[in-house]
């Protein structure tokens with residue numbers, strides 16, 4: 001399994017990146033974790049993107065959803081952050097809103113607004129490891145997992161990747177034993193994340209495409225596979241923008257019903 005993974009990463013994933021990797025001193029594990037978290041969730045002061053989500057089940061049946069995601073950093077130290085996700089398609093989900101207030105060291109606040117019922121639901125902290133709107137991504141995948149929730153070990157360094165093993169500090173809060181990340185050394189983008197349970201990889205995330213957007217290296221296509229059930233979800237990002245100038249009050253319960261349409265492409 002380890003040999004196969006090396007072959008795949010060596011032959012396919014480096015082609016995603018323009019940044020070359022030169023000989024360099026290996027940073028500390030803490031530095032790798034912080035830079036990777038920043039690249040994954042905190043680039044720029046804010047951001048906006050249109051996202052196409054294709055969910056394919058184990059029998060090959062596909063469903064497509066489209067949404068706009070807005071993201072605002074509320075500080076400059078990667079601690080406080082807000083997300084607003086508005087669904088455009090399919091028609092029976094149009095107007096559904098998912099919103100997150102993220103606070104490092106505390107449980108995130110999450111809301112889901114269902115326009116068909118005109119109901120706002122609070123998503124409990126215990127539900128963050130459940131499916132995000134029927135996809136193979138979890139709620140926690142969308143807004144990010146707190147870096148303090150796991151212990152981190154650098155288990156391998158290759159010419160191109162830092163390989164980190166991450167083990168939950170409180171196993172009772174998650175369904176996995178550990179997860180391993182292959183982090184591109186030149187960009188600190190995690191190009192692959194493999195979740196293990198009982199010595200078996202059962203869930204796998206992959207960065208399929210990386211583009212330069214306003215000077216920011218950005219994952220514009222990614223997937224999450226269920227290796228047990230056979231399902232997969234692919235996310236494709238378009239109209240990606242940084243430094244939009246989003247107002248903080250957009251990320252309040254008022255805008256769950258009264259959506260900021262001028263910002264939703």
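What the table shows:
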{"quantity": "Highest to lowest packing among 241-253, 46-58, scored as the average C-beta count within 10 Å", "calculated": "46-58, 241-253"}
{"quantity": "Rounded FRET efficiency, nearest 0.05, which uses the C-beta distance separating residue 257 from residue 126 and R0 of 35 Å", "calculated": "0.85"}
{"quantity": "Computed label-point distance, nm, for sites residue 200 and residue 116 using a 7 Å Cα→Cβ extension", "calculated": "3.4"}
{"quantity": "0 to 90° range, to nearest 10: angle between helix 2-11 axis and the chain longest Cα axis", "calculated": "70"}
{"quantity": "Helix axis angle, 29-41 relative to the chain longest principal axis, alpha carbon, degrees", "calculated": "40"}
{"quantity": "Burial ordering of 84, 41, fewest other beta-carbon atoms within 10 Å first", "calculated": "41, 84"}
{"quantity": "Distribution of pairwise C-alpha distances over segment 29-263, 10 Å bins, in %", "calculated": "7, 31, 40, 19, 2, 0"}
{"quantity": "Additional length obtainable on full extension of the chain from residue 248 to residue 172, 0.36 nm per residue less Cα span", "calculated": "23.9 nm"}
{"quantity": "Contour excess over end-to-end distance, with Cα ends at residue 107 and residue 157 and 0.36 nm allotted per residue", "calculated": "14.7 nm"}
{"quantity": "Calculated FRET efficiency for the pair residue 148/residue 74, C-beta based, R₀ 25 Å, to 0.05", "calculated": "0.90"}
{"quantity": "Estimated FRET transfer efficiency when R0 is 30 angstrom, pair residue 52-residue 228 (beta carbons, to 0.05)", "calculated": "0.75"}
{"quantity": "Convex hull volume per residue for segment 115-198, taking Cα atoms only, in Å³", "calculated": "125"}
{"quantity": "Packing-based ranking, highest mean first, of 68-75, 113-120, 147-154 given that Cβ atoms within 10 Å are counted", "calculated": "68-75, 147-154, 113-120"}
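Where a number appears in this text, it was derived from the coordinates with a stated rule and is not lab data. Computed from a predicted model, the values in this text were never measured in an experiment. Please note: Cβ atoms are built from the backbone with ideal geometry, for glycine as well, and neighbour counts cover all protein chains shown.
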